[in-house]
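Structure first, commentary second.
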There are 2 protein chains.
Amino acid sequence: MKIKTDSVKGTFDILPKDMELRNWIKNTIINAYTNNGFNQIETPSIENLDLLTKSEGGENLSLLFKILKRGGKLQKALGKENLEENELCDLGLRYDLTLPLSRFYANNSNYLPKVFKSIQVGWVWRAERPQKNRFRQFTQCDIDIIGEDTEIAEIDLITTTIEALSNLNFDNLTIKINDRRILKNIVKFIGFDDSEFMGICITLDKRDKIGWEGVRKELLNKKIEEDKINQLIDILEKLTIDDLSKYKVDDEIINSLRNVINVVNNYSDKGFNIEFDITLIRGMGYYTGQVFEIVSNDINCSLAGGGRYDEMIGRFTNRKVPAVGFSIGFERIFNLLKERNNKTPKNNEKIAILFNEKESIISVLKYAEELKEKGNIVSIFRKQKKTKRQIDQLKEQGFDSFCIYENSKNLSNIE
Amino acid sequence: MKIKTDSVKGTFDILPKDMELRNWIKNTIINAYTNNGFNQIETPSIENLDLLTKSEGGENLSLLFKILKRGGKLQKALGKENLEENELCDLGLRYDLTLPLSRFYANNSNYLPKVFKSIQVGWVWRAERPQKNRFRQFTQCDIDIIGEDTEIAEIDLITTTIEALSNLNFDNLTIKINDRRILKNIVKFIGFDDSEFMGICITLDKRDKIGWEGVRKELLNKKIEEDKINQLIDILEKLTIDDLSKYKVDDEIINSLRNVINVVNNYSDKGFNIEFDITLIRGMGYYTGQVFEIVSNDINCSLAGGGRYDEMIGRFTNRKVPAVGFSIGFERIFNLLKERNNKTPKNNEKIAILFNEKESIISVLKYAEELKEKGNIVSIFRKQKKTKRQIDQLKEQGFDSFCIYENSKNLSNIE
């Protein structure tokens, strides 16, 4: 019987060509990060289930892959009546890199500088319903600055991420920026009830897809007073930073936003622009201050997103530790560059030596060594009877040059 | 309440310095592989539980991390009486890279050349009892050649692995080689019962630790006839390749071994030697022919191991597909190089700009940009009051050069 050989539903095998592109993207991003003084770290893929379930992961918690207990602990759990799911499990696969980073920082802070600039690139797992471009195992690519409470951190993350995307040949991008706390002020100013705030956020988050008219309709459906809705949309539609003080937004919040926008605008000559966008919400519950996103204007989709989360690490350290993160959407960028047929830069010629079985392998290897010393990629293969087909297959594997090794040193370079 | 912040038992957090060394090792190995025409691929960390449990994983099967079913399927399973462990789970974490490679090859063979030379570097998981240098999540680093049935594949794997280890600055290494089928011939020749073969293998495998006298004692304890034991040890102790034909070993097996030994001996001027070792068994049940191992003579431990497994992929493809693999012990090599205090080569100067809060960040960033364009790694930090301490911490993070940015462009290079 033939065994099923597909990869697990929602996951994917990576073939050599895709791997090459993924490696190029990964290295390009990591180089930009490293050149700006960030340090790569890594945490295990598995975390204690307690840590995961007690986190502020929002809907990700319902998407956890949980790992069964083993041995005596499992037997004990199985013996229980009215068995609950979590009693069977002790570990889980991480669903993001931010929660593990917080645990890592608390666990290792003695070995880390006061301001720690981290790089993390790694797999995360979510038991999503599989659909196009939504995977159960995918790569996340994060930088975070821990221990810096001013907007220097935001500026550093944004300019570094611009550098990374620019090195990946992206341009015509807009950086959207907001501060979580502003909308709260405005909603309060209009006189909404606190309980209505989350619903308003969820709807506003869709503004770029449904437009202001869509926002109005959706809020009406939520049984919110029409007058107030109109007032809210009136304010938000035209809102600029200069208006913020009217709504009792703290000067500190306003100045910090101004500073980031001003610096990033002045910094960049790379075809990026930055704008204040009050409707930028971003899903994660843990954000406490500025949030930002980079959007491609050509294809109207988000390539990177992040924000400040000053409360999260404190849960592990018992003292407040400010933090900001910015994450590049690795899988989306991979798919975009693959569609664009992005060629990874090639430095070395890739040579296949096809040798006759009767030849001395020692001399074939010595010849290969000579070619390698000249900086080529060299692979030896037995010459197959269907040599033409063999060469065609090797071309698909990226070999550009072929030589047939016959009659000792008599080489015929055939391509 | 403070939450537990250790990494999961048997796993480890990777700090920046360790990450740098791990990346250097990984890149050095992958470069050696790539330069010899191998292609990197990757498979998901999770596989269907069926695939894992029906594999020839030997004792690894008892070390599986199994993943709980979700949603309706879980509820259905929980409702059953006399619930069995595997009914609760549908997925598991991979315990090695060879089984996933076999599935990968069967799943993607239409897109792969007839002879496929693969690289895999990735995490694997085993629920081992945690102990020193035995981890529950560790990196494996494999090359495999699929579709080549002659010893060209073995030679290619061995010479490529030598190149990788040599580039990692290892020397004084011995390559041990054997063929699984030879011992079977000798045991049969002496007249052992088939049922005794596995027990003999398990004992012989320990010969490098317990010596021939230890082998004798252990076999006696296994109630094997003393006469036969003596005969076996007499033969094995002095066995050379020239003796093999006496014990009715196939000429093909002997010639193939001779060829590998001869070629590798002639190829290498890198302080390696290769020798036939009848006691080299290697644990995995799936090996069908030659097996080999690279041992450091300085510290008497194995750095790499592999062998031919011609039957495994056929279980997925329904046609015989020959395959050979060679795996470098990544974690062991990392620990050895860390103990040696191996410095990773450094190309770029790492500069920290400490700036006064009152300075214009735009000009700080522009200055950082200038320094980066000269090929430096540059990071900006707010100058802390305890500047000396800040600089000491940054030195530990690998920064070699510091400048304080004050009074606009007035720079004082302080170190």
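The values are calculated or read from the model by the stated rules, or taken from the named source; none is laboratory data. Only a predicted model underlies this, so the values are computations on that prediction, with no experimental measurement involved. Positions of Cβ are backbone-derived with ideal geometry, glycine not excepted, and every protein chain shown enters the neighbour counts. These area figures cover heavy atoms from the full protein model, side chains too; ligands, DNA and RNA do not enter into them. Shrake-Rupley method; radii C 1.70, N 1.55, O 1.52, S 1.80 Å.
Among A:316-328, B:348-360, how do they line up by average Cβ neighbours within 10 Å per residue, starting with the highest?
A:316-328, B:348-360
Can you list the HN-Hα couplings for the stretch A:6-22, worked out from phi with the Karplus curve (6.51, -1.76, 1.60; θ = phi - 60°), rounded to whole Hz and with x for Gly and Pro?
5, 6, 3, 3, x, 10, 9, 7, 10, 7, x, 5, 5, 4, 4, 5, 4
Just grab the label-to-label distance for residue A:400 and residue A:262, each label 7 Å out from Cα along the Cβ direction, in nm (one decimal).
5.0 nm
Packing-wise, with mean Cβ within 10 Å as the measure, how do A:300-310, B:240-250, B:82-92, B:29-39 rank, highest first?
Ranking, from highest mean packing down: B:29-39, A:300-310, B:82-92, B:240-250.
Quickly work out the residue A:110-to-residue A:339 label distance, labels modelled 7 Å from Cα along the C-beta direction, and quote it in nm with one decimal.
5.0 nm
Based on the Cα atoms of chain B, what semi-axes does the equivalent ellipsoid have, where each is the square root of 5 times one gyration tensor eigenvalue, given in whole Å with the largest first? Walk me through the numbers before you get to the answer.
Values: eigenvalues 476, 165, 94 Å².
Calculated on Cα positions only, the semi-axes equal 49, 29, 22 Å.
Of A:166, A:341, B:64, which is farthest along the charge dipole of the protein assembly as shown in the positive direction, counting Lys and Arg as +1 and Asp and Glu as -1 at C-beta?
Among A:166, A:341, B:64, the one farthest towards the positive end of the dipole of the protein assembly as shown is B:64.
In a shell of Cβ-Cβ distance under 15 Å around residue B:240, excluding residue B:240 itself, what net charge do Lys and Arg (+1) and Asp and Glu (-1) give?
That works out to -3.
Can you divide the C-alpha Rg of the stretch A:350-413 by 2.2 N^0.38 Å and report the result to two decimal places? Could you put the intermediate results ahead of the total?
On the way: Rg = 11.0 Å, N = 64, 2.2 N^0.38 = 10.7 Å.
Working it through for the stretch A:350-413, the quotient is 1.03.
So the label point goes 7 Å from the Cα of residue B:240 along Cα→C-beta, right? Which residues of the stretch B:169-187 then have their backbone N under 17 Å from it?
Residues B:177 qualify, since their backbone N sits under 17 Å from the label point.
Pairing the Cα long axis of helix A:226-238 with the longest principal axis of chain A, what angle in degrees results, from 0 to 90 and rounded to the nearest 10?
Taking Cα atoms only, the helix is inclined about 60 degrees.
Once phi is turned into θ = phi - 60°, what whole-Hz ³J(HN,Hα) does the Karplus curve with 6.51, -1.76 and 1.60 give for every residue of the stretch B:243-249, x standing for Gly and Pro?
7, 4, 5, 4, 9, 6, 6
On average, how many beta carbons from a partner chain sit within 10 Å of the beta carbon of a residue in B:87-96?
3
Between copies, how far does the label point of residue B:6 sit from its twins, in nm, shortest first, when each point is 7 Å from Cα along Cα→Cβ?
Label-point distances to the other copies, shortest first: 4.1 nm.
Could you work out the local net charge near residue A:196, counting Lys and Arg as +1, Asp and Glu as -1, over the other residues with Cβ closer than 14 Å to its Cβ?
-1
Hey, got the average number of other protein chain Cβ atoms within 10 angstrom for residues in B:332-345?
0
Rounded to the nearest 20 Debye, what is the dipole magnitude of the stretch A:180-253 about its Cα centre when Lys and Arg each give +1 and Asp and Glu each give -1 at the C-beta?
Details: 15 positive and 17 negative charges, 49 e Å.
Here the size comes out at about 240 debye.
Nearest 20 debye, what's the magnitude of the dipole of the protein assembly as shown about its Cα centre given +1 on Lys and Arg Cβ and -1 on Asp and Glu Cβ? Could the numbers behind the result be given before it?
Numbers: 126 positive and 126 negative charges, 157 e Å.
My answer is approximately 760 debye.
From the residues B:55, B:78, B:92, which one has its Cα farthest along the dipole of the stretch B:46-93 in the positive direction, the dipole being from +1 and -1 charges on Cβ of Lys/Arg and Asp/Glu about the Cα centre?
My answer, from the dipole projection, is B:78.
Ordered shortest first, which distances in nm separate the 7 Å Cα→C-beta label point of residue A:357 from those of the other copies?
When each copy's label point is compared with this one, the spacings are 7.9 nm.
Between residue A:56 and the same site in the other copies, what are the distances in nm, shortest first, taking label points 7 Å from Cα along the C-beta direction?
Distances between equivalent label points, in nm: 5.3.
How large is the helix-only mean residue ellipticity at 222 nm for chain A, computed as the sum of -39500 (n - 2.57) over DSSP H runs with n ≥ 4, divided by its residue count, in deg cm²/dmol to the nearest 500?
Numbers: 14 runs with 161 residues, N = 415.
Taking each H run of at least 4 residues, the total per residue is -12000 deg cm²/dmol.
Given 0.36 nm per residue, what is the gain on full extension from residue B:407 to residue B:53 after removing their alpha carbon distance, in nm?
Here the answer is 120.6 nm.
FRET efficiency for residue A:149 and residue A:223, Cβ-Cβ distance as r, R0 = 30 Å, nearest 0.05?
0.15
Cα axis of helix B:387-396 to longest principal axis of chain B: angle in degrees, 0 to 90, nearest 10?
20 degrees
Taking the Cα atoms of the stretch B:1-83, report the difference between the largest and smallest coordinate on each principal axis, in whole Å and largest first.
Extents along the principal axes: 56, 46, 26 Å.
Placing unit charges on C-beta atoms (Lys and Arg positive, Asp and Glu negative, everything else neutral), compute the dipole magnitude of chain B about its Cα centre in debye, rounded to 20.
Roughly 2060 debye for chain B.
How big is the A-B contact in terms of buried accessible area, both chains counted, 1.4 Å probe, rounded to the nearest 100 Å²? Could you put the intermediate results ahead of the total?
Numbers: alone 23050 and 23050 Å², together 37410 Å².
Approximately 8700 Å², summed over both chains.
Counting partner chain Cβ atoms within 10 Å of every residue's Cβ in B:41-53, what's the average?
For peptide B:41-53, the averaged partner shielding equals 5.
Among B:15, B:314, B:214, which residue has its Cα positioned farthest towards the positive end of the charge dipole of chain B, with +1 placed on the Cβ of Lys and Arg, -1 on the Cβ of Asp and Glu, and the dipole taken about the Cα centre?
The one lying farthest along the dipole's positive direction is B:15.
Taking chain A as the reference, fit the longest principal axis to its C-alpha atoms, fit the long axis of helix A:330-339 to the helix C-alpha atoms, and give the angle between the two in degrees, 0 to 90, nearest 10.
Orientation of helix A:330-339: about 60 degrees from the principal axis.
Just the projected area, averaged over all directions, of the convex hull on the alpha carbon atoms of the protein assembly as shown: how many nm²?
40.9 nm²
Considering every pair of different Cα atoms, what Kirkwood radius, in Å, is found for the stretch A:262-415?
That comes to 21.0 Å for the stretch A:262-415.
Would you grab the residues whose amide H sits under 5 Å from the one on residue A:401? Only those 5+ places off in sequence or on another chain, please, with H modelled 1.01 Å from N.
A:350, A:352
Heavy atoms only, probe 1.4 Å: what % of the accessible area of the protein assembly as shown goes to carbon and sulfur, would you let me know?
Working: 16260 of 37410 Å².
After summing per-atom areas, the C and S share lands at 43 percent.
Can you give me the long-range amide H partners of residue A:42? Hydrogens built in the peptide plane at 1.01 Å from N, cutoff under 5 Å, separation of 5 or more residues or another chain.
HN-HN under 5 Å from residue A:42: B:14.
Once you put a point 7 Å from the Cα of residue A:202 and another 7 Å from the Cα of residue A:133, both along the Cβ direction, what distance in nm separates them?
Label at residue A:202, label at residue A:133, 2.4 nm between them.
Each residue of the stretch B:316-323 in turn: what ³J(HN,Hα) in whole Hz from Karplus with 6.51, -1.76, 1.60 and θ = phi - 60°, glycine and Pro shown as x?
9, 9, 6, 9, 5, 10, x, 7
Just how far, in whole angstrom, is the stretch A:184-201 from the stretch A:213-233 if you go by their alpha carbon centroids?
Taking the Cα centre of the stretch A:184-201 as reference, the centre of the stretch A:213-233 is 12 Å away.
Output the pairs from B:176/B:246; B:209/B:246; A:17/A:366; A:114/A:320; A:17/A:343; A:320/B:383 with a Cα-Cα distance over 18 Å in this structure; if there are none, say none. Before the final figure, lay out each step's value.
On the way: B:176/B:246 22 Å; B:209/B:246 28 Å; A:17/A:366 29 Å; A:114/A:320 13 Å; A:17/A:343 10 Å; A:320/B:383 20 Å.
Long pairs (Cα-Cα over 18 Å): B:176/B:246; B:209/B:246; A:17/A:366; A:320/B:383.
Amide H of residue A:304: which non-local residues (sequence gap of 5 or more, or other chain) have their own amide H closer than 5 Å, using H built in the peptide plane?
For residue A:304, whose amide H was placed from the backbone, the distant partners under 5 Å are A:294, A:329.
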